[in-house]
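Report on the structure given below.
The values are calculated or read from the model by the stated rules, or taken from the named source; none is laboratory data. Keep in mind that this is a model prediction, so the values were computed, not measured. Ideal geometry is used to build each Cβ from the backbone, glycine not excepted, and the neighbour counts take in all protein chains shown. Heavy atoms of the whole protein, side chains included, go into the accessibility calculation; ligands, DNA and RNA do not. Shrake-Rupley method; radii C 1.70, N 1.55, O 1.52, S 1.80 Å.
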Amino acid sequence: MQAGTSAGIITGNAEKGKEKAGQICHACHGLDGNGMAAQPIWPKLAGQHPNYIYKQLNNFKNNDRYNVQMSPMAMPLTDEDMRNVAAYYSSLPQSGGVAAADQVELGEKIYRAGNPKSGVPACSGCHGPSGMGTNLSKFPRLAGQYPEYIDQTLKLFRKMERANDPNGMMRGVAARMTDEEIAAVAQYISGLHQ
């Protein structure tokens, strides 16, 4: 299949994507897309929506999202490369995760209902009740992600060091969250399964 867009969904050649991933992505994200438990600050890409992967690669390439490791890796990628890598990683099964039992109660409360007192909306409103997100709106799958990655990402949004979220949605949410809430939500998300 040629790389392109079909009904708003990014398409690409998963076999070519696997080849490209084997050249530049596997050291951090693994060829199976589940990253490395020894480096849980790097996200799992397996099972992630192709539109989201494609958007993030474009953001890294264009410095709309900067990361010292990822930005240089994305710079030489062509549009076709990004579509193919997105098609490849999105086709893989994600390994899932486990939540720390002592964090689940608060994490579930914030994820499902938010915190009305501080104005934190429910995460499930955009990312879905099971954390699967939505492809067309580019809301990422969160379920099973490493809690360290989620924690780090929310704090980057809170510090305004990550600013590639549409209309500042995630920056607005994270700005209202405490460290305790971030840690609990990150753990809860890790334990969500499809």
Relative compactness, the chain, computed as alpha-carbon Rg over 2.2 N^0.38 Å: 0.99
Crossing angle, helix 79-90 versus the chain [Cα axis fit, 0-90 degrees, rounded to tens]: 60 degrees
Gaussian network model of the chain, Cα within-10 Å springs - most flexible of Pro166, Pro147, Pro50: Pro166
Calculated [θ] (222 nm, deg cm²/dmol) that DSSP helices of n ≥ 4 give over the chain, each run adding -39,500 (n - 2.57): -13000 deg cm²/dmol
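Taking the Cα centre of the chain as origin, sum charge times position over the Cβ atoms of Lys and Arg (+1) and Asp and Glu (-1), and report the length of that vector in debye to the nearest 20.
Numbers: 19 positive and 17 negative charges, 85 e Å.
About 400 debye.
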Anchor Lys18: lysines whose Cα lies under 23 Å away (excluding residues fewer than 8 positions away in-chain): Lys44, Lys55, Lys61, Lys138
Gain upon complete extension [Ile24, Glu105; 0.36 nm per residue less C-alpha separation]: 25.3 nm
In the range 100-194, the GluC sites (Glu not before Pro) that fall in loop regions by DSSP, at most 12 other Cβ within 10 Å: Glu161
Spatially proximal aspartates and glutamates relative to Lys159 (Cα-Cα < 13 Å; intrachain offsets below 8 disregarded): Asp151, Asp179
Ranking by accessible area, most exposed first, for Ser91, Ser137 with a 1.4 Å probe: Ser91, Ser137
Nearest-ten-degree value, helix 104-113 long axis tilted from longest Cα axis of the chain: 80 degrees
Alpha carbon centroid spacing (whole Å) that separates the range 7-41 from the range 144-194: 22 Å
The range 40-129, accessible area per residue, ligands and nucleic acids excluded (1.4 Å, Å²): 48 Å²
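For Asp165 and Leu31, what is the calculated FRET efficiency with R₀ set at 35 Å and r taken between the beta-carbons, to the nearest 0.05?
Values: r = 29 Å, r/R0 = 0.83.
Efficiency computed from Cβ-Cβ geometry: 0.75.
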Whole-number D in µm² s⁻¹ for the range 94-193, Kirkwood Cα-pair radius fed into Stokes-Einstein, 37 °C, 0.692 mPa s: 249 µm²/s
Max mean-square fluctuation residue, GNM over the chain, Cα-Cα springs under 10 Å, options Ile41, Ile24, Ile53: Ile24
